[in-house]
Amino acid sequence: MWSLKTAQRALIAAGCMAMIYTQFTMSPATIEFARSLGATGWHIGILGALPTMMLFFQFLAAVVANHLEYRRWLWLPISILQRLILVPIALMAWLMPDMSHSAELWWLIGLTALNHALIHFTTPLWLSWLGDYLPHKGLNHYWGYRQVWMYWTGAISLLGGAIFLAKSGLDIGDGFAWLVGIGALFGVFDILFYMKIEEPPVTKVKEPKLKKVLLTPFQDPNFRSFISFTCFWHFAAMLGAPFISYYLLDYIGMDVFRLLLLWTCAWLGGAVFSKHLGSLADHYGNRPVLILCTAFKSTNMIGLLFLPRDPTLAFWIMVPVFIVDSLLNAGIAIANNGFMLKNSPAENRTMYIAAGTAFAGLVGGVTSIMAGGFLVLASGWSVTIFGSEYNNFHMIFAISLLMRLVAAVYARTIREPDSHWTSQVVMKLVGVTPFRMLRFPVGLYRSFRPDELRGKSRKGKRELKQPEVVAKTEPT
């Protein structure tokens, strides 16, 4: 087995390969491929719902994990199967050329559902494995550093995919098939890295009664507050998030090449700031990072609401919006993982991780399907306000915007006893004086001095800590 240092590097390399797999198989090109098969807003809503609807498979994984000595030999074959599950879609045009577009679309939806079911079954096994193996000291910093490499890989792979689709001369069906095939290859290589990473044995619940295993995370008031918020946040986010690419393609008229370039730019914010966000979460706690990121997550909905119906102009307007949104998503991902790993006991950790995501996923999935159904029912509806036309897309974006603002307030109800006040993080980012605030974002970069992040003294660290805590936040 590899040493800890070598294993940490391997985890970064594996994460980069997983990112190539994800971007080639679940990029906006999938939405365009579905549209070429005749998908409506309802179908797009279903596709958008599947990543979260299938989260309930994490509970199954949590129950199974408590009966295992080691997770590796269950996780490995299922993960390899998951990486290959979409390959039949890539081969379908050649294997069954007479299949109707409608049937092919439902095959896409069905295999995508199975894909996400397998992803979510393996995720708690993987995350609890790493939670037992990786040192908790500096965990957020390492997670942020890993995400820097993953985000850059995501940007480069999406750019490569965009150029391939634009220059290959292939239609979206054949182009998507090639992307899926190449992505699956990298996805399998990702899984093989874990053959040499040490796995501590599973810490089992002493009395593995199913009821106790299921209810324990909900009996912890801090973790329960996290679960409660994630449910509301997924409702708010999934009202609009699944339809962004569909809106840009169908209503704004953006082509696939520009859309993939736009999502390429979106990874830049996370790539640049992930390491710093990880350090902030380590030093100040996960709660304030989640609160700050959630507070600004409505920016993309605002941009979409006022976007002109000009593909070129819309592209350049949305580039900075997507970069900021990527930065916020990076902070949310780091703080979410950090909260779940640090606030879950080794005993029954897999169930804590499942509870931290699965209920929220079900809420988000139902929300996405209902919002997609609304898009179909309200198609053709529009209203003109101050000379600008607004339609069914704008309606769901406006509702999502309002709910995200409510979620930003609700975020304060999440509890993490060892975290600092959110205001202290804000002051650290922009400085405490009006003059330094005028220099933002210069103050942002200056705030990431290593000596300040580590704390100059124990006394200074104690002064920054919140005397007694309350809430914490979660995002998606």
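Expressed in nm², what is the orientationally averaged projection area of the convex hull enclosing the Cα positions of segment 250-304? Mind dumping the intermediate values first?
Numbers: hull surface 18.6 nm².
Answer in nm², one decimal: 4.7.
How big is segment 37-174 by the Kirkwood estimate over distinct Cα pairs, in Å? Mind dumping the intermediate values first?
Working: mean 1/r = 0.0559 Å⁻¹.
Value: 17.9 Å, from the Cα pair sum.
At q = 0.14, 0.20 Å⁻¹, what base-10 log of I(q)/I(0) does the Debye formula yield for segment 276-373 when every alpha carbon is treated as an equal point scatterer in vacuo?
-0.71, -1.08
Which order, highest average first, do 10-19, 24-33 follow once you tally other Cβ atoms within 10 Å for each residue and take the mean per peptide?
On the way: 10-19: 19.8, 24-33: 24.1.
The most tightly packed comes first, giving 24-33, 10-19.
Run the simple label-point estimate for Ile317 and Asp171 please: 7 Å along Cα→C-beta, distance reported in nm.
Computed distance between label sites Ile317 and Asp171 equals 3.3 nm.
For a Förster distance of 35 Å, can you work out the FRET efficiency between the beta-carbons of Met96 and Leu192, rounded to the nearest 0.05?
Values: r = 31 Å, r/R0 = 0.88.
With R0 = 35 Å, the Cβ-Cβ based efficiency is 0.70.
Bin all alpha-carbon pair distances of segment 318-381 at 5 Å intervals from 0 and give each bin's fraction as a whole percent.
Bin by bin from 0 Å, the calculated values are 4, 14, 12, 14, 16, 17, 11, 7, 3, 1, 0.
Size of the dipole of the chain about the Cα centre, Lys and Arg at +1 and Asp and Glu at -1 on the beta carbon, nothing else charged, in debye to 20?
Values: 39 positive and 26 negative charges, 440 e Å.
It comes to approximately 2120 debye.
With every protein chain left in place, what is the accessible area of Tyr390 in Å² (1.4 Å probe, nearest 10)?
Its accessible surface works out to 50 Å², give or take rounding.
So for the pair Leu402, Ala378, with labels modelled 7 Å out along Cα→Cβ, what separation do we get in nm?
In this crude spin-label approximation the distance works out to 1.0 nm.
Fully extended, how many nm does the chain gain between Asn391 and Phe296 (0.36 nm per residue separation, minus their Cα-Cα distance)?
Details: separation 95, 0.36 × 95 = 34.20 nm, distance 2.44 nm.
Gain on extension, Asn391 to Phe296, equals 31.8 nm.
Provide the per residue accessible area, probe 1.4 Å, for the chain, rounded to a whole number of square angstrom. Can you show the working numbers first?
Values: 20410 Å² over 476 residues.
Value returned for the chain: 43 Å² of accessible area per residue.
Ordering Phe235, Phe386, Phe229, Phe306 by how much accessible area each has at a 1.4 Å probe, largest first, what is the list?
Phe386, Phe306, Phe235, Phe229
At 222 nm, what helix-only mean residue ellipticity would the chain give, in deg cm²/dmol to the nearest 500, using -39500 (n - 2.57) for each DSSP H run of four or more? The partial results should precede the final answer.
Values: 23 runs with 347 residues, N = 476.
Helix contribution divided over all residues of the chain: -24000 deg cm²/dmol.
In sequence order, what are the phi-derived ³J(HN,Hα) couplings for segment 91-107 according to the Karplus relation 6.51 cos²θ - 1.76 cosθ + 1.60 with θ = phi - 60°, rounded to whole Hz, with x for glycine and proline?
In residue order, the calculated couplings are 8, 4, 4, 8, 6, 9, x, 8, 5, 5, 4, 4, 5, 5, 4, 6, 5 Hz.
Note the direction-averaged projected area, equal to a quarter of the hull surface, for the Cα convex hull of the chain, in nm². Provide the component values of the computation, followed by the final result.
Details: hull surface 94.4 nm².
So the Cα hull casts an average projection of 23.6 nm².
In nm, what is the difference between 0.36 nm times the number of residues separating Arg224 and His136 and their Cα-Cα distance?
This chain segment gains 29.5 nm when fully extended.
Find how much the distance from His67 to Ile163 grows on full extension, using 0.36 nm per residue of separation minus their present alpha carbon separation; answer in nm with one decimal.
On the way: separation 96, 0.36 × 96 = 34.56 nm, distance 4.73 nm.
Extra length available between His67 and Ile163 comes to 29.8 nm.
One-quarter of the Cα convex hull surface for segment 71-128, in nm²? Before the final figure, lay out the partial values.
Details: hull surface 16.0 nm².
Result: a mean projected hull area of 4.0 nm².
At R0 = 35 Å, how high is the FRET efficiency between Leu76 and Asp310 if r is their beta carbon distance? Nearest 0.05 is fine. Kindly include the intermediate steps, with their values, before the conclusion.
Working: r = 49 Å, r/R0 = 1.40.
Approximately 0.10, to the nearest 0.05.
Per 5 Å bin from zero, what fraction in whole % of the C-alpha pairs of segment 32-111 is there, up to the bin with the longest pair?
Distribution as computed: 3, 11, 18, 19, 15, 12, 10, 7, 4, 1 percent.
The values are calculated or read from the model by the stated rules, or taken from the named source; none is laboratory data. Quick caveat: nothing in here was measured; it's all calculated off a predicted structure. Glycine also receives a Cβ, built like all others from the backbone with ideal geometry; neighbour counts cover every protein chain displayed. In case anyone asks, the SASA skips ligands and DNA or RNA and just uses the protein heavy atoms, side chains included. Shrake-Rupley method; radii C 1.70, N 1.55, O 1.52, S 1.80 Å.
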